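Take a look at the structure below.
The values are calculated or read from the model by the stated rules, or taken from the named source; none is laboratory data. This is a predicted model, so every value here is computed, not measured. We place every Cβ from the backbone using ideal geometry, glycine too, and count neighbours over all the protein chains shown.
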Number of protein chains: 2
Amino acid sequence: MASNSSGSDSSDRQRIAQQRLSVIAGHLQRPVEGNSGILAAECKAQGDKLDVSSEGRTVPRRRQEIMKWNGWGYSDSKFLYNKKGQAEFTGKRYRLSGMIIPGLREWMESTFGANLQHKTPAAPILNSSAVQPPTLNEAFLKELKSTGIPFSHDAEDRVFRSHGHCLHEIFALREGKIGRVPDLVVWPNCHNDVVKIVELACKHNVCLMPYGGGTSVSSALECPPEETRSIVSLDTSQMNRILWIDEKNLTAHVEAGIVGQDLERLLNESGYCTGHEPDSMEFSSLGGWVATRASGMKKNIYGNIEDLVVHIKMVTPQGVIEKSCQGPRMSTGPDVHHFIMGSEGTLGVVTEVTMKIRPMPEYQKYGSVVFPNFEMGVACLREVARQRCAPASIRLMDNEQFKFGHALKPQVSSIFTSFLDGLKKFYITKFKGFDPNRLCVATLLFEGDREKVLQHEKQVYDIAAKFGGLAAGEDNGQRGYMLTFVIAYLRDLGMDYYVIGESFETSVPWDRVLDICRNVKARIVRECKDKGVQFPPLSTCRVTQTYDAGACVYFYFAFNYRGLSDPVHVYEQVEHAAREEILANGGSLSHHHGVGKLRKEWMRETISSVGMGMLKSVKDYVDPNNIFGNRNLL
Amino acid sequence: MASNSSGSDSSDRQRIAQQRLSVIAGHLQRPVEGNSGILAAECKAQGDKLDVSSEGRTVPRRRQEIMKWNGWGYSDSKFLYNKKGQAEFTGKRYRLSGMIIPGLREWMESTFGANLQHKTPAAPILNSSAVQPPTLNEAFLKELKSTGIPFSHDAEDRVFRSHGHCLHEIFALREGKIGRVPDLVVWPNCHNDVVKIVELACKHNVCLMPYGGGTSVSSALECPPEETRSIVSLDTSQMNRILWIDEKNLTAHVEAGIVGQDLERLLNESGYCTGHEPDSMEFSSLGGWVATRASGMKKNIYGNIEDLVVHIKMVTPQGVIEKSCQGPRMSTGPDVHHFIMGSEGTLGVVTEVTMKIRPMPEYQKYGSVVFPNFEMGVACLREVARQRCAPASIRLMDNEQFKFGHALKPQVSSIFTSFLDGLKKFYITKFKGFDPNRLCVATLLFEGDREKVLQHEKQVYDIAAKFGGLAAGEDNGQRGYMLTFVIAYLRDLGMDYYVIGESFETSVPWDRVLDICRNVKARIVRECKDKGVQFPPLSTCRVTQTYDAGACVYFYFAFNYRGLSDPVHVYEQVEHAAREEILANGGSLSHHHGVGKLRKEWMRETISSVGMGMLKSVKDYVDPNNIFGNRNLL
């Protein structure tokens, strides 16, 4: 089926191309240009099946060589308590690496009632015998072998790709519990490899699950336990080149397996960036961003994924879908890019994307503002949005997060400062008159032309002042953003000491922001109490994005589960109640994490029955045999 | 079918609402607020079936009372040559109204070889006997009558709604040629009326064609001649209220039949605007904008329709589709709003839309820049886009349009200035050294905070100077924009004198802009010659929008058809060739006019077979009996 329609599509395209060549040949006289403005990367797809991690790419085929199999991020980076009982962050990759974090222990103990004597370490290595032998589709495998595309059915490779980073997934792995995992892992190198894999999967009725960064927090990567066919994890990480940079149109054409940090680093070499910086960017992939409608920290300048993409190519069971034109904006019926974005791996594999790029900013400046209370902070952010003068990033954390941020301060001198002492010092010396249990902090990032940045900064601080906000310096801002990439490692530390937690997010109109923050946090506390959680939970929130018509709100929720017989079940019930509370308060099902399997139950009410029917009709057409059978969304 | 799914949807929603009320009641303690920030319009839908044109609404039910039945716009406004042989614009509605335009005649004569002795006037009134008697579906009509919804099967009402404003449509009307027209016209007053109409149409298998402003230029409103069922034109113009304005979230909830000028005028009364100003805004409707992915002149500030909408409600044969949340941006699968936008009346009727609103700008300033040639002008616009400092509007016209603009200068004193004299004076006194046959003009509009506007203006003029651009004053800018709404009336004048023409548009990457402008204009000239057009055509273009990755280019094409036996056929062949040329040069099928029936043949190559399949699958699900049978798009 796939090849037939590709075939007729292909001869259609040939005919059209011939037509056009004859049209152009007759009269087109372009001046010969020395600098065509297009920098084309060497095409390496055909011959080179080597692991490209040495070529400036982050993700090797065998990810477990550098990444944890049962926790977040790099193996060499983790929080732990050293022999002196101090919190430390290991490794060398991050600003925080190799540093003592003196306040963290106190904070964990007081916030969770955690006790460093009570440890719940993870299973250190994968017990391969806990992994079901693979269900291999021999006919598929035989044809796959003849393509030369690398594959594996090692237990380790399969387990690595059997999960995302939802709490229940990591918790299970730490206990050495392995459920349904892919039977096979394949590593296509380029679009054509993907076409072959999809054709074979359709031919032999194999279940394909695209796997990009593996950072899903919506259970999107969980293998459906009821799936009896062979499950093949289509790992895109080796399909990761920038194919060309077009300096005239400020676009770049990129293979969808590239991860955020590589994309930015490679573009930076030419003086460009996409500016798309999701918190997961070290590991998440371009294809994953497209599939989940990703959002980045600096979307105020660069836009969200739907603003960044100019062209998408996706391989489906029906063939390749792509527009014929790279025009900036069109009216050619419903925009099929929006049938692809958000499809969460249910329709096909995104292989190549043309993205907008920008020159790297000349200048960057961090900042922070302390507000007397959260309400004033929100009102300030709302006014900044109303005046359409938001910096690249502006985020407002509540009082608990302010304190938490303080607890993560690394020790920079030999004088030890306790968490509480440091906190006291902060508000006594600088913010007299602010109630330490109500004050909250906004962190800011400006970037662009230096002169404009300084003007812009003044405008924002002037607005902040109207809402009782006091400038609190660049350092506090910078530290807020620096912590972005290490926060995810903290959950693993928590889980070493009976503390489990998760973040979840929503988008909501401005006039519901305060309600949602207050009601959801209170609901979490109440539900935990009802379900026997012994120590009050951490229930905290942050406004992370502003829009014309509302904001994105992020919640962190964590608790000490000591004494509970089924902690993950308690967690899931509380999270479920929190989402109900979010919806009841006018918040959306998700701002950017997506639906996966975790939030499917609310899809019908979110987009209406007719909307569901539309999505289903597209799925039934594109993938009638449910080859892309991750069971997300619908 | 429609009522069943609405029914279960409705009881679903009730149950969910109950659930939520109990959740909220338990703990929600909102401060009592005096000013809720929501201004709600009185609901008038139920009782008032009066024609609301007296209530500040532009469009009466019987549009022919104020609008031309066979030409553009208001009946009282037209270009004509008076007894002295001078061009005049009649009426009182426009700045140009009641004025002499001394240069126009000379321009028409020299540009087209037109001769005022050779007239081809339109049929002045509709010959009702030329109109087929209506094919009425009696069962449908009977049930319709019991709803109380106004309807008509008068010939005049039916003919009025049988067309948009493509050349071939107006040409035929002027000759008194009437093809397939709707059999019935209905005027729903509100969403619930539309629900009833759609239910009845499904029940009795009647073809529904939504009719908003009637300004389509894609043959979208043409009634399919092969349609044997009764065709009902669902005229949305009386469903035109602003239901509420939400000052806290800066949104407004509006019925989709409202036309642009009413929407802005009504919002202005509260100090707001949407800022959405398509050239058709006097007559085009909110529902039409959504259905066609409309773009507005000031999209650089306010965005295009996809940036403006927060919530859409559409009635389909399967029921009502709408999201449950008004959040600013979500990841809940593919965005169903994008299944609706661009559906061009093939899936249902858009009834209500929540749009973003903005405070009216404090300050507005026009401007203009003269460039030595078009290439420099384009390079300047590209640089303005690169620096992301475009004004509210920036448009670059080519040399022919500069001259044309000059020809439209009204006579403001008793001293008559010939077109050529005025032109000479313009460049001799001001732009010495500029080649009068190569110079071109950009018109600019800035709006916003006064201080920022002046800064912004300086930045743009500084960039223009780098490309040889000289500031040419506010007047030239303002006049350019003032002409926006009268240009469409010119075609009717042309058609009085054997001149026919059309505009068409595309979007294209920056590096193809010059090619597309040169090649398409040349192709038009060549095709006209090949097909026996006696006098060289007007073939001119303008860059009307800038984006990060490209621009919107507008072409005007007109010619004197004297001596041709089938002028419309010649016109269609040339337009077809022009579109082929656009596509061959990397331009899109349309930036904002849409596809309709006029451009269906290129849909498959535009979005690929898989894309077509997706659109078809949605259509087949939503409207399996093709009730919304206008045959657009697919």
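Observations on the structure shown:
- If you go through the range A:557-569 and pick out every residue that is without any contact (Cβ under 8 Å) to a residue 40 or more places away in the chain and of a type in the set (A, V, I, L, M, F, W, C), you end up with 1.
- Among the residues of the range A:252-285, those that are closer than 14 Å to A:VAL353 by Cα and in a helix (DSSP H, G or I) comprise A:GLY260, A:LEU263.
- Residue within the range B:294-309 that is in contact with a helix residue (DSSP H, G or I) (Cβ under 6 Å, 6 or more places away or on another chain), under 28 Å from A:CYS552 (Cβ atoms), of a type outside the set (A, V, I, L, M) and surrounded by fewer than 22 Cβ atoms within 10 Å (Cβ to Cβ) present: no
- The range B:613-627, residues that are in a loop (DSSP other than H, G, I, E, B) and charged (D, E, K, R): B:ASP623
- The condition (being within 28 Å of the chain's Cα centre (by Cα), surrounded by fewer than 17 Cβ atoms within 10 Å (Cβ to Cβ), among the charged types (D, E, K, R) and outside the structural domain of B:ALA291 (by the TED database)) is satisfied by just one residue among B:ARG180, B:ARG174, B:ARG158: B:ARG180.
- Counting only residues that are crowded, with 20+ Cβ neighbours inside 10 Å and away from chain B (no Cβ under 14 Å), the range A:540-573 holds 13 of them.
- Scanning the range B:313-352 for residues that are farther than 18 Å from A:PHE339 by Cβ, more than 7 Å from chain A (Cβ to nearest Cβ) and of a type in the set (Ser, Thr, Tyr) returns a single hit, B:THR351.
- Meets criteria (touching a residue at least 24 places away in the same chain (Cβ under 8 Å) and buried (at least 24 other Cβ atoms within 10 Å of the Cβ)) for B:MET360: no
- Residues located in the range B:431-451, provided they are surrounded by 13 or more Cβ atoms within 10 Å (Cβ to Cβ), of a type in the set (Lys, Arg) and modelled with pLDDT under 95: B:ARG438
- Selection count, the range A:292-312, where residues are more than 8 Å from chain B (Cβ to nearest Cβ) and assigned to a strand (DSSP E or B): 3
- Take the conditions (1) within 29 Å of B:PRO121 (Cα to Cα); (2) in contact (Cβ under 8 Å) with a residue 60 or more places away in the chain; (3) more than 25 Å from the chain's Cα centre (by Cα); B:ASN626 misses just one of them, which is (1).
- Residues being at positive phi and polar (S, T, N, Q) - total across the range A:591-634: 2
Conditions tested, residue by residue: (1) surrounded by 21 or more Cβ atoms within 10 Å (Cβ to Cβ); (2) closer than 20 Å to A:PHE171 by Cβ.
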{"position": "A:GLY85", "(1), (2)": "no, no"}
{"position": "A:LYS92", "(1), (2)": "no, no"}
{"position": "A:ILE100", "(1), (2)": "no, no"}
{"position": "A:GLY103", "(1), (2)": "yes, no"}
{"position": "A:SER110", "(1), (2)": "no, no"}
{"position": "A:HIS118", "(1), (2)": "no, yes"}
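- Contact map, the range A:262-278: first residue among the aromatic types (Phe, Trp, Tyr), second residue modelled with pLDDT of 95 or more and in a loop (DSSP other than H, G, I, E, B), Cβ cut-off under 6 Å, separation 6 or more or different chains; pairs are A:TYR272/A:ILE357.
- B:PRO210 fulfils the conditions (1) over 26 Å from the mean Cα position of the chain (by Cα); (2) not in a loop (DSSP other than H, G, I, E, B) except for a single criterion, (1).
- Residue check for B:ASN632: surrounded by 24 or more Cβ atoms within 10 Å (Cβ to Cβ), out of contact with any Phe, Trp or Tyr (no Cβ under 9 Å at 6 or more places or on another chain), at pLDDT 95 or above and more than 7 Å from chain A (Cβ to nearest Cβ): yes
- Residues being outside any helix (DSSP H, G or I), within 23 Å of A:VAL336 (Cα to Cα) and more than 7 Å from chain B (Cβ to nearest Cβ) - total across the range A:579-612: 1
- Residues that are in contact with a strand residue (DSSP E or B) (Cβ under 7 Å, 6 or more places away or on another chain) and surrounded by 23 or more Cβ atoms within 10 Å (Cβ to Cβ), drawn from the range B:283-293: B:PHE283, B:SER285, B:LEU286, B:GLY287, B:VAL290, B:ALA291
- When the residues of the range A:467-510 are filtered to those that are charged (D, E, K, R) and surrounded by 19 or more Cβ atoms within 10 Å (Cβ to Cβ), the one that is farthest from the other protein chains (Cβ to nearest Cβ) is A:ASP496.
- Selection over the range A:234-244 of residues that are touching a helix residue (DSSP H, G or I) at 6+ places or on another chain (Cβ under 7 Å) and in a strand (DSSP E or B) gives a count of 2.
- On inspection, B:GLY288 passes the criterion of being more than 10 Å from chain A (Cβ to nearest Cβ) and part of a helix (DSSP H, G or I).
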